[in-house]
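Student: My questions all concern the structure below.
Coordinate-derived values only; no laboratory data. Just so we're clear, the structure is a prediction, and the values are computed from it rather than from any experiment. Cβ placement follows ideal geometry from the backbone for every residue including glycine, while neighbour counts extend to all protein chains displayed.
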């Protein structure tokens, strides 16, 4: 259990200070290439509905976990520190908090400099909506919503699945770190599938059904636990945690997704702003409900406060393995 805690600590620090470097052999990028490859094959042979989507999930999960375990176990046999280093590399690659913040920071800079066109270009890199008609408040709303939702997808969910896998592996007599990383990587496969084929349009509606539903399932508990983490983070950030919780409990199920509005609604409440509302996508205008108890639209200062909230919340989250590490030293497992 000591190795389990040390790996997630080091992965968190690497992500915090270095972010997610872009290179061709990045594990998540390789998973994306695999999804695109198998999608073409499945569609070419006529498996372009639910059955094909289910097969795509099975193929990508099997290929990803087999590749991870083969490399990891092989490196452990050669030299144990090499295996641990590879496990750390995989864990680090599955966390994306700094990368999320790094994509949003240029949006703040552009808005504060009054350069709306650049702000639109920057936010278009991380959202699926049509940014052409967004004003300053619209860009700020998109940025805050993206931060809130992706805190769960990009950081909290992989972290919680890692910890759950490690504890499960320990009690089942398996390697805690191998089990932890297998489940964490399995989650990232599902998350990547959802982002690539989980769209609700005619081309992907049935084919992406399996990936989208599994993504909903695997984010179900983390999205709800995020309210506890964000409550503590809001308190540490000097915001309004009680208003965030009150808003989340009222508005958390207003989104089409069973999970996305939890963190977004909390952020709206703790910042005393409104999020959501009618949103224009490439396929038209969607009448999304408003989230929040206020009618104040967000500005660049609210994006900055959201980033602070997420950083504090991440630090609070990472205290969990520290407690496990200390307990494992005090009480042999």
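Student: As a check on your grasp of the helix formula, calculate [θ] at 222 nm for the chain: sum -39500 (n - 2.57) over DSSP H runs of n ≥ 4, divide by the residue count, round to the nearest 500.
Tutor: -24500 deg cm²/dmol
Student: In what order do 12, 86 fall by count of nearby beta-carbon atoms within 10 Å, going from fewest to most?
Tutor: In order of increasing Cβ crowding within 10 Å: 86, 12.
Student: Which of 172, 73, 181 moves most in a GNM of the chain, Cα contacts under 10 Å?
Tutor: Greatest mean-square fluctuation among the candidates belongs to 172.
Student: Quote the FRET efficiency, to the nearest 0.05, computed for residue 65 versus residue 295 with a Förster distance R0 of 41 Å and r equal to the Cβ-Cβ distance.
Tutor: Plugging the Cβ-Cβ distance into 1/(1 + (r/R0)^6) gives 0.30.
Student: For segment 221-264, what is the convex hull volume of the alpha-carbon atoms per residue, in Å³?
Tutor: For segment 221-264, the hull spanned by Cα atoms encloses 54 Å³ per residue.
Student: Taking the chain as a Gaussian network, Cα atoms linked when under 10 Å apart, which of 67, 11, 260 shows the biggest mean-square fluctuation?
Tutor: Among 67, 11, 260, the largest mean-square fluctuation in the Gaussian network model of the chain belongs to 67.
Student: If R0 is 35 Å, what FRET efficiency do you get for residue 29 and residue 112 from their C-beta distance, rounded to 0.05?
Tutor: 0.65
Student: Additional query: Normalised radius of gyration for segment 198-333, please: alpha carbon Rg relative to 2.2 N^0.38 Å, two decimal places.
Tutor: Its radius of gyration relative to the 2.2 N^0.38 Å reference: 1.24.
Student: Give me the Debye-computed log₁₀ of I(q)/I(0) at q = 0.18, 0.21, 0.22 Å⁻¹ for segment 135-253, equal point scatterers on Cα only, no solvent, two decimals.
Tutor: Taking Cα atoms of segment 135-253 as identical point scatterers yields -1.06, -1.18, -1.21.
Student: Rg/Rh for segment 1-130: what does it come to with C-alpha atoms and Rh from Kirkwood? Present the calculation step by step, with values, prior to reporting the outcome.
Tutor: Working: Rg = 19.1 Å, Rh = 17.6 Å.
So for segment 1-130, dividing Rg by the Kirkwood Rh gives 1.08.
Student: Would you please calculate the Kirkwood hydrodynamic radius of segment 250-319 over all C-alpha pairs and express it in Å, rounded to one decimal?
Tutor: 13.1
Student: Please identify which residues in segment 89-113 have an amide N closer than 17 Å to a label point set 7 Å out from the Cα of residue 121, following the Cα→Cβ vector.
Tutor: 103-113
Student: Moving on to the next point. Testing the spin-label approximation: label points 7 Å from Cα along Cα→Cβ at residue 315 and residue 55. State their distance in nm.
Tutor: Spacing of the two 7 Å Cα→Cβ label points: 5.1 nm.
Student: Further, regarding this structure: May I ask you to work out the translational diffusion coefficient for segment 2-330 at 25 °C, viscosity 0.890 mPa s, via Stokes-Einstein with Rh from the Kirkwood sum over Cα pairs, reported in whole µm²/s?
Tutor: Answer, rounded: 119 µm²/s.
Student: Sticking with this structure for a sec: For the chain, with a Gaussian network of springs between Cα atoms less than 10 Å apart, report the residue from 118, 152, 107 with the top mean-square fluctuation.
Tutor: Maximum among the listed residues: 118.
Student: Based on the alpha-carbon gyration tensor of segment 64-117, what equivalent-ellipsoid semi-axes (square roots of 5 times the eigenvalues) come out, in whole Å, largest first?
Tutor: So the equivalent ellipsoid measures 41, 10, 6 Å along its semi-axes.
Student: Taking 0.36 nm per residue of sequence separation and subtracting the Cα-Cα distance, how much length would be gained by fully extending the chain between residue 199 and residue 168, in nm to one decimal?
Tutor: Difference between extended and current length: 7.9 nm.
Student: Could you tell me the calculated FRET efficiency between residue 135 and residue 48, based on Cβ-Cβ distance and R0 = 51 angstrom, to the nearest 0.05? It would help to have the intermediate numbers written out before the result.
Tutor: Values: r = 39 Å, r/R0 = 0.77.
Rounded to the nearest 0.05, the efficiency is 0.80.
Student: What nm value, rounded to one decimal, do you get for the distance between residue 10 and residue 102 when each label is placed 7 Å out toward the C-beta?
Tutor: Calculated label separation equals 2.0 nm.
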